[in-house]
Structures are given as structure tokens and as C-alpha cells.
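J.: First the structure, which I've put down as C-alpha cells, then a few questions once you've had a look.
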Amino acid sequence: MTRLIAGALGIAVFAAVAGLSVSAQQNQMSFFITSAGPGNGANLGGLAGADKVCQTLAAAAGAGNRTWRAYLSAAAAAGQPAVNARDRIGKGPWMNAKGLVVAKSVADLHSDANLLGGENSLTEKGAPVQGSQHDILTGSQADGTLQTGDAPCGNWTSAETTGGAMVGHHNKQGGGQAPTSWNAAHSSRGCSQANLVATGGNGYFYCFAN
């Protein structure tokens with residue numbers, strides 16, 4: 001009986017330690033792809049609304065103890081200057097939900113040295129994103145600066161069938177002008193949820209802790 005009790009206690013302790021290990025990794029997480037968008041196409045409530053989504057999802061995953069920002073660029077409007085995604089996310093390094101450092105710095109992130117890709121670009125839950133939904137909203141060029149042309153989907157307030165925003169391929173695969181780019185593969189065809197889904201997305205975006 002004593003041995004049975006000791007064995008049961010040992011299993012319980014092991015499970016608790018394993019749980020703490022997973023939780024610790026999540027607490028260290030500083031990069032993820034949103035597991036769900038607001039569901040209204042590219043209308044994310046502007047940059048502030050997108051940041052709130054990042055913060056909320058991070059908190060639910062046990063990593064809400066830092067400031068999260070959406071990797072999105074926006075055009076100058078209403079007296080406010082243009083915003084570049086690369087300037088919003090801090091200095092790095094950035095770690096995914098499984099503890100892997102995907103980029104060491106802003107320069108590393110925007111170089112071929114980053115470790116982003118289908119196996120490493122995970123949601124806040126540590127899950128991979130479906131290849132059929134690989135379009136990730138960024139509104140940015142490959143160097144992380146604002147896309148050329150019109151504001152990306154009304155600076156993330158439009159869910160119309162018109163307009164568009166630059167997207168990247170989280171798995172670095174597919175079509176478009178730069179299919180292997182994680183942040184600037186091609187522009188979306190419109191800003192509505194249906195448009196985003198039809199062209200290989202679902203309204204997801206990248207979140208970084210700074």
C-alpha cells in the first residue's frame with residue numbers, strides 16, 4: 001500500500017512539473033499568430049483594436065504579463081504619421097509558444113536568418129496554422145515598412161469587398177509576387193472576411209511582445 005501511495009504521488013508530482021514547464025514556456029512566449037481574428041475581415045478596430053486582440057489572446061495563454069503589439073503597418077491619417085510594423089514590436093528576441101527563438105532582433109526578423117515557417121510560426125496555443133489559411137495580414141513591405149499605395153484596408157477599419165492589404169505566408173509557401181515571404185507575399189483581394197478566406201486567409205495577424 002505504501003509503495004502504491006508513493007507511486008501515485010510520484011506520478012502526480014511529475015504531472016505537476018510537466019504542467020509548470022508548459023506554463024513557463026507560455027509565459028516566456030513573445031511571438032504568435034492569432035488563433036482567431038475578430039471575424040470582420042480586415043476591420044480589426046484599427047491598430048488599437050488589433051493590439052487588444054493580441055493582449056487578450058496572450059493573457060488567455062498565460063503570457064499577459066508583457067505588452068503585446070500587432071505586427072501591422074498603417075498609413076498617415078487624421079494628423080497622425082504613418083506607422084511601420086517593424087517599429088511597433090520592440091527589439092527582440094522573440095520566442096514562440098514552444099520555447100524556440102524565431103528571431104533575435106528586428107534585423108534578424110527581416111532577414112533570411114529568421115526561423116519563421118509552418119512548424120515554428122505557431123498560435124498562442126502552440127498550434128500550427130492550417131496551410132489553407134496561410135495569408136497573415138501585415139500591410140507591410142518585406143522590410144517591415146508600410147506597404148506602397150493605398151492605406152491597408154482603411155488602416156484596419158474596413159471590411160469592404162474593395163481595397164486590400166499586404167499579407168505574408170506564415171509557412172513561406174504558395175503563390176503571389178513573393179510566395180516565400182512571411183510578411184509581404186501579395187496583396188489581399190478586398191478586405192471582407194469572405195475576400196480574405198477566398199484568397200487563403202482568415203483574418204489572422206502576427207503578435208509580438210515588446
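J.: Can you give the FRET efficiency to the nearest 0.05 for Glu119 and Ala77, using r as the Cβ-Cβ distance and R₀ = 30 Å?
T.: 0.20
J.: Hey, another quick one. Only four residue types carry charge here, +1 at the Cβ of Lys and Arg and -1 at the Cβ of Asp and Glu. Report the dipole size of the chain about the Cα centre in Debye, rounded to the nearest 20.
T.: For the chain, the charge dipole is close to 540 debye.
J.: Dipole of the stretch 66-210 (Lys/Arg Cβ +1, Asp/Glu Cβ -1, origin at the Cα centre): which of Gly174, Gly79, Ala97 lies farthest to the positive side?
T.: Ala97
J.: Still on this model: Identify, among Ser187, Asn114, Thr56, the residue whose Cα sits farthest towards the positive end of the charge dipole of the chain, taking +1 on the Cβ of Lys and Arg and -1 on the Cβ of Asp and Glu, with the dipole about the Cα centre.
T.: Working it through, the farthest residue towards the positive pole turns out to be Thr56.
J.: Using only Cα atoms, tell me the angle between helix 2-28 and the longest principal axis of the chain; keep it within 0 to 90° and round to the nearest 10.
T.: For helix 2-28, the angle is close to 20 degrees.
J.: Now a separate question. For the pair Asp150/Asn27, report the inter-label distance in nm, with labels modelled 7 Å from Cα in the Cβ direction.
T.: Distance between the two pseudo-spin positions: 4.7 nm.
J.: Over the chain, average the accessible area per residue using a 1.4 Å probe and give it in Å², no decimals.
T.: Roughly 47 Å² per residue, with all protein chains present.
J.: What's the tally of Lys pairs in the chain whose alpha-carbon atoms lie under 20 angstrom apart, where the two lysines are 8 or more places apart or on different chains?
T.: 5
J.: So what's the angle, to the nearest 10 degrees on a 0 to 90 scale, between helix 46-60 and the longest Cα principal axis of the chain?
T.: Long axis of 46-60 versus the principal axis of the chain: about 10 degrees.
J.: Considering the chain as a Gaussian network with a 10 Å cut-off on Cα pairs, which listed residue, Thr123, Thr34, Thr56, attains the greatest mean-square fluctuation?
T.: The residue that fluctuates most here is Thr56.
The values are calculated or read from the model by the stated rules, or taken from the named source; none is laboratory data. These figures come from a predicted structure and were not determined experimentally. Note: ideal-geometry Cβ built from the backbone for every residue, glycine included; neighbour counts use all protein chains shown. Just the protein is used for accessible areas: all its heavy atoms, side chains included, with ligands, DNA and RNA removed. Shrake-Rupley method; radii C 1.70, N 1.55, O 1.52, S 1.80 Å.
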